[in-house]
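A short worksheet on the structure shown next.
The values are calculated or read from the model by the stated rules, or taken from the named source; none is laboratory data. Since this is a predicted model, take the numbers as computed values, not measurements. Cβ coordinates were reconstructed from backbone atoms using ideal geometry, including for glycine residues, and neighbour counts include every protein chain displayed.
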């Protein structure tokens, strides 16, 4: 399996796309200074401003500014977006709102992060069988808000506000696969990736940390939270065939594709 296949090249191109509609910079008011955190479609911003939400067009530079105190302002904006039918499925989960350096400035309801073009963080686990030759994958539940029924890595989840990547890895590995991270063998942190692409709710900017590990002999994943339909353990050839058939999420296609068809290092 040398070289990148057409399906992997298409996935890499799909993961680096500009917004489908024009967007303008979105800032938070932090101690009286605007800090860039995301982007927003002008028409949506105009509607929000007309609804007397704490969002105003900036005059000193392009874009929009969410007024302080930013916590209550973001909460009010999230509820308005939900009621206006512009948000994704309401989660009652909070993600960090970060600046360009990844510094957490505030928190916001997960379902509105794409509308606001906010950067998010996720972690995935590539799980090898005990023989080290086969790879465990999961089929996402058919009632998932995103990519229902598609195939995925052994585990994938977003980093919640206040969590570290390591905390999310441990929590999500148990919730999705019923596995204790401490029992995994050869746990290793691989290369991260970033996806930038338009999605139904707006624009996605997600930074993904990727781990890989081998399951102990006799261990099998068992879902705990109802968000996984089933697991399968695939040979490299079977996995390659299923990836070529566009059965996986974009994130999993990129992560698993890189395992099967690594990019040659420059000499």
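Some values worked out for this structure:
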item	result
Test: residue 176 is under 15 Å from the mean Cα position of the chain (by Cα) and surrounded by 17 or more Cβ atoms within 10 Å (Cβ to Cβ)	no
Unmet requirement for residue 116, which otherwise passes all of (1) within 14 Å of the chain's Cα centre (by Cα); (2) at pLDDT 95 or above	(1)
Pick from segment 111-128, criterion in contact with a helix residue (DSSP H, G or I) (Cβ under 9 Å, 6 or more places away or on another chain) and not in a strand (DSSP E or B), ranking: nearest to residue 64 (Cα to Cα)	116
Residue in segment 170-180 that is under 26 Å from residue 108 (Cα atoms), assigned to a helix (DSSP H, G or I) and without any contact (Cβ under 8 Å) to a residue 24 or more places away in the chain present	yes
Members of segment 181-216 found to be under 27 Å from residue 14 (Cβ atoms) and either in a loop (DSSP other than H, G, I, E, B) or modelled with pLDDT under 95 (or both), listed by number	190, 191, 192, 200, 201
Residue list for segment 1-11, restricted to those being out of contact with any helix residue (DSSP H, G or I) (no Cβ under 7 Å at 6 or more places or on another chain) and surrounded by 13 or more Cβ atoms within 10 Å (Cβ to Cβ)	4, 9, 10
Residue check for residue 95: closer than 24 Å to residue 147 by Cβ, in contact with a helix residue (DSSP H, G or I) (Cβ under 7 Å, 6 or more places away or on another chain) and in contact (Cβ under 8 Å) with a residue 60 or more places away in the chain	yes
Tally, over segment 30-54, of residues that are within 26 Å of the chain's Cα centre (by Cα) and within 21 Å of residue 104 (Cα to Cα)	8
Which listed residue is buried (at least 22 other Cβ atoms within 10 Å of the Cβ), touching a strand residue (DSSP E or B) at 6+ places or on another chain (Cβ under 9 Å) and outside the structural domain of residue 194 (by TED's automatic domain parsing), from 108, 137	108
Residues located in segment 129-161, provided they are part of a strand (DSSP E or B) and either at pLDDT below 95 or closer than 13 Å to residue 251 by Cβ (or both)	137, 138, 140, 151, 152, 155, 156, 157, 158
Qualifying residue in segment 72-84 (condition: under 19 Å from residue 200 (Cα atoms) and either in a loop (DSSP other than H, G, I, E, B) or at pLDDT below 95 (or both))	yes
All positions within segment 217-233 that are over 19 Å from the mean Cα position of the chain (by Cα) and assigned to a strand (DSSP E or B)	229, 230, 231, 232, 233
Some residue of segment 191-209 being farther than 30 Å from residue 105 by Cα, touching a helix residue (DSSP H, G or I) at 6+ places or on another chain (Cβ under 9 Å), in contact (Cβ under 8 Å) with a residue 40 or more places away in the chain and surrounded by 19 or more Cβ atoms within 10 Å (Cβ to Cβ)	no
Filtered residue count, segment 234-266, keeping only those that are part of a loop (DSSP other than H, G, I, E, B) and modelled with pLDDT of 95 or more	5
Filter result for residue 101 (more than 22 Å from the chain's Cα centre (by Cα) and either not assigned by TED's automatic domain parsing to the domain that holds residue 163 or not in a loop (DSSP other than H, G, I, E, B) (or both))	no
